[in-house]
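Novice: Here's a structure for you.
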Amino acid sequence: MVQTKAEDVAIVWPQLVSKYPTPSALSKAKNASLARLVRPLGLQNQRARSLVAIAKYLCLNFRGRIPRSATELLSIPHVGLYTATAMGCFAFDERVPIVDANILRVLGRIHGIKFGPDLRRAREAWVLAWATLPKTNPGLHNYGLLDFAAQVCTVKRPKCESCPLSKACRFGRVLCRARSNGALR
């Protein structure tokens with residue numbers, strides 16, 4: 001699994017949309033030119049081919065427009081579950097949960113479940129994510145979960161002592177107990 005850093009995308013994205021402002025323009029891009037542009041993201045040849053394929057699909061099936069639902073977005077080649085739900089939620093205010101590796105970690109720790117790294121196979125995580133998704137402001141909720149994962153329920157040094165969910169969190173209860181017994185220092 002390759003994760004792309006937001007900082008790298010922030011550099012490439014303005015250049016990409018400036019040179020290829022529409023799916024129609026992108027569908028006609030030359031692979032070598034596009035690969036040079038996206039090189040900072042890694043996997044440049046694969047990404048270039050995928051971007052052109054996506055653009056061609058959008059032109060052929062959606063009249064060059066981006067569909068506004070996660071379900072329709074999933075019909076596009078090279079668009080995965082996380083991308084489709086993130087776009088549906090954040091770009092189009094669709095009520096869908098966001099589940100990435102960070103959310104898998106948070107849900108897994110709270111409920112004492114090991115989901116593994118593949119969000120497509122973590123069906124139970126999606127059930128939990130849907131169950132916690134509020135009826136209103138799903139985007140705010142999803143941003144909050146992502147921030148919580150980045151700032152409190154971190155990979156290496158979770159801040160269980162100051163976590164507002166520590167009493168309800170199986171991982172936090174076990175970790176806090178181990179720390180108070182002197183097992184962890």
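Novice: Can you list the DSSP H helices in the chain whose Cα atoms extend at least 24 Å along the helix axis and whose mean Kyte-Doolittle hydropathy is 1.0 or higher?
Specialist: Working: long enough: 44-62 (26 Å, 0.09).
Within the chain not a single helix satisfies the rule.
Novice: Could I ask something else about it? Take the eigenvalues of the Cα gyration tensor for segment 6-91, scale each by 5, and report the square roots as semi-axes in whole Å, largest first.
Specialist: Result for segment 6-91: semi-axes of 20, 16, 12 Å.
Novice: How much length is gained on full extension from residue 31 to residue 74, taking 0.36 nm per residue of separation minus their Cα-Cα distance?
Specialist: 13.1 nm
Novice: Over segment 6-91, what is the mean sequence separation of C-alpha contacts under 8 Å (at least six apart), divided by residue count, expressed as relative contact order in percent?
Specialist: 24
Novice: Taking every alpha carbon pair in the chain, what does the distance histogram look like in 10 angstrom bins from 0, in percent?
Specialist: Using 10 Å bins, I get a P(r) of 9, 29, 30, 20, 9, 3, 0 for the chain.
Novice: Also, I was wondering about something else. Only four residue types carry charge here, +1 at the Cβ of Lys and Arg and -1 at the Cβ of Asp and Glu. Report the dipole size of the chain about the Cα centre in Debye, rounded to the nearest 20. Numbers along the way, then the final one.
Specialist: Numbers: 29 positive and 10 negative charges, 93 e Å.
Dipole magnitude for the chain comes out near 440 debye.
Novice: Too long at a 30 Å Cα-Cα cut-off: which of 56/114; 28/135; 114/135?
Specialist: The answer is 56/114; 28/135.
Novice: Related question: Hey, any idea what the orientation-averaged projected area of the convex hull of segment 101-180's Cα atoms comes to, in nm²?
Specialist: 5.4
Novice: Of 8, 118, how do they rank once you tally other Cβ atoms within 10 Å and put the fewest first?
Specialist: So the ranking, lowest neighbour count to highest, is 118, 8.
Novice: For the chain, what does -39500 (n - 2.57) per DSSP helix run (n ≥ 4), summed and divided by total residues, give at 222 nm, in deg cm²/dmol to the nearest 500?
Specialist: -16500 deg cm²/dmol
Every number in this text was worked out from the coordinates using simple rules, so none of it is lab data. These numbers were taken from a predicted model, which means no experiment stands behind them. Reconstructed Cβ throughout: ideal geometry from the backbone, glycine too, with neighbour counts over all protein chains shown.
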